[in-house]
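Chemist: Here you go, one structure.
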Amino acid sequence: MTGNTTEGLFHAGSSVGAALNSATSQQWLHWAIAQIESDFQRSADTHLIAIKSDSIKKFSDAGIDIYFKDESTHPTGSLKHRLARSLFLYALCNGWVREGQTVIEASSGSTAVSEAYFARLLGLPFIAVMPKTTSPEKIALIEFYGGRCHFVERASDVYAASRLLAKESGGHYMDQFTYAERATDWRGNNNIAESIFSQMSRERHAIPTWIVVGAGTGGTSATIGRYVRYHRHPTQLCVADPEGSVFAKYHQSGDASLTSNGSKIEGIGRPQVEPSFIRELVDRMIEVSNVNSIAAMRSLSALLARKVGPSTGTNFFAVISIAEEMRKAGVQGAILSLICDAGERYLPTYHSDSWVNAQLGNCEHACKRFAQLTPI
Ligand SMILES: Cc1ncc(COP(=O)(O)O)c(C=O)c1O
């Protein structure tokens, strides 16, 4: 390369690009994108369930309708199927993932299950880095899709361990916590928000008053928050934050250096402020205790006659809190939230009384109190 002439630079630059864009790697890239697109074409959108039940009749009588978008029906069983697809397309089109390269992710489970699925689709080795407390069901699912699990002591150790594994294996660290909010197309393109508003379009309150979601990476709340603003909807966004998470305190103080012991509700709540959690997009935070998350999880599972996951319980508690406020204030409208994943993944954990009593505390009182709000 000759001194500081631009000609030298182009050469230098173009050699990297050229290597990446060699016929074979471009061929593989196009094949990989085509695999993901055809998988998407084979998939149907998730249902929007209108909660119709005597237990919430007092709300519908007051003009308040409650909906849950059922993300547990994705091929890999959770809302993370969308994120995993977006992260793979983002990394592929950035030239960060190439043929035969190992993909690594730091995940509490749901994202890793979905990423393992897409890695298998592309014939790539996949390693999930997770706390050793992750539910055996999720570990089995990652291995079912051909992934390998790498365990760390604490939730906060996943980042460094993932970076090290990527360095050692020459692999790519997908890093959902950084890229979740960037990889998803928030203006449309079949994102979760576009699907919500189109499925609500024939309801009596077609534009929801509130959308309630949890935050793990913060990607879901960022996508919905931006979409609502971009399409100029009056809808407000509430994040239901579990006990022990830093997000609610960060939302209030703006102090990004906050840390905590983290959440005991799998998938949501974090021990540190994550780059994909955009506090400016969130209109309100509701902090939910563990026993209330479990009480609401049990109540919604009974109401739907099928089990939902714990982070859905956290959502439902916040939904009912807002519904009660609206009812007392005489405000009508729709409240929409997500079924993030199915309860079958948590039978030996969150759906086991003995496990819950040992890990989270006795929920009896919380269940009685919640039952008063949603009498079955
Ligand atoms: C079960 C479950 N619910 C909710 C979420 C929150 O989603 P997000 O990461 O988009 O904030 C996650 C994230 O991992 C999850 O696994």
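Chemist: Between K138, K80, K167, which gets the highest mean-square fluctuation from a Gaussian network model of the chain, Cα cutoff 10 Å?
Modeler: K167
Chemist: If you keep only loop residues by DSSP, which trypsin sites (Lys or Arg not before Pro) in the stretch 288-329 have at most 10 other Cβ atoms within 10 Å of their Cβ? Let's see the in-between values first.
Modeler: Numbers: sites: R298, R306, K307, R327, K328; in loops: R306, K307.
Taking the stretch 288-329 and a limit of 10 other Cβ atoms within 10 Å, no loop trypsin sites (Lys or Arg not before Pro) are found.
Chemist: Antiparallel as a % of all DSSP beta bridges within the chain, to the nearest 5?
Modeler: Numbers: 6 of 36 bridges.
About 15 percent, rounded to the nearest 5.
Chemist: Continuing with this model, one more query. Pairs of Cα atoms under 8 Å, at least six residues apart: use those to get the relative contact order of the stretch 189-296, whole percent.
Modeler: Details: 190 pairs, mean separation 30.7, N = 108.
Over the stretch 189-296, the number comes to 28 percent.
Chemist: Using just the helices of the chain, give the 222 nm mean residue ellipticity in deg cm²/dmol: DSSP H runs with n ≥ 4 each add -39,500 (n - 2.57), and the total is spread over all residues, rounded to 500.
Modeler: -14000 deg cm²/dmol
Chemist: Moving on. For the stretch 214-253, what is Rg from Cα atoms divided by 2.2 N^0.38 Å, rounded to two decimals?
Modeler: 1.26
Chemist: Compute the distance in nm between two label points, each set 7 Å from the Cα along the Cα-to-Cβ direction, one at R202 and one at A358.
Modeler: 4.9 nm
Chemist: If you don't mind, there's one more thing I want to ask. Using a 1.4 Å probe on the protein heavy atoms, what percent of the accessible area of the chain belongs to carbon and sulfur?
Modeler: Carbon and sulfur atoms account for 52 percent of the accessible area of the chain.
Chemist: List the GluC sites (Glu not before Pro) in the stretch 126-169 that DSSP assigns to loop (not H, G, I, E or B) and whose Cβ has at most 11 other Cβ atoms within 10 Å. Which are they?
Modeler: E153
Chemist: I would also like to ask the following. Under a 5 Å amide H to amide H cut-off, with H placed in plane at 1.01 Å, what residues pair with Y173 once short-range neighbours are removed?
Modeler: I104
Chemist: Over the chain, give the accessible area per residue in Å² for a 1.4 Å probe, as an integer.
Modeler: Ligands and nucleic acids excluded, the figure is 43 Å² per residue.
Chemist: Here's a follow-up. Over the chain, what per residue volume does the convex hull of the Cα atoms give, in whole Å³?
Modeler: Numbers: hull volume 57.9 nm³, N = 376.
Looking at the chain, the number lands at 154 Å³ per residue.
Chemist: According to the Kirkwood expression over distinct Cα-Cα pairs, how big is the hydrodynamic radius of the stretch 107-182, in Å?
Modeler: Hydrodynamic radius (Kirkwood, Cα only) of the stretch 107-182 equals 12.4 Å.
Chemist: So, one more: What number, in percent, do you get for the relative contact order of the chain if the mean sequence gap of Cα pairs under 8 Å and at least 6 apart is divided by its residue count? Walk me through the numbers before you get to the answer.
Modeler: Numbers: 706 pairs, mean separation 64.4, N = 376.
Reported relative contact order: 17 percent.
Chemist: Counting only C-alpha contacts under 8 Å and six or more residues apart, can you give the relative contact order of the stretch 80-180 as a whole percent?
Modeler: The normalised contact order for the stretch 80-180 reaches 33 percent.
The values are calculated or read from the model by the stated rules, or taken from the named source; none is laboratory data. Keep in mind the model is a prediction, meaning the values are calculated, not measured. Virtual Cβ from ideal backbone geometry, glycine too; neighbours counted across all protein chains shown. Side chains included, ligands, DNA and RNA excluded: accessible areas come from the protein's heavy atoms. Shrake-Rupley method; radii C 1.70, N 1.55, O 1.52, S 1.80 Å.
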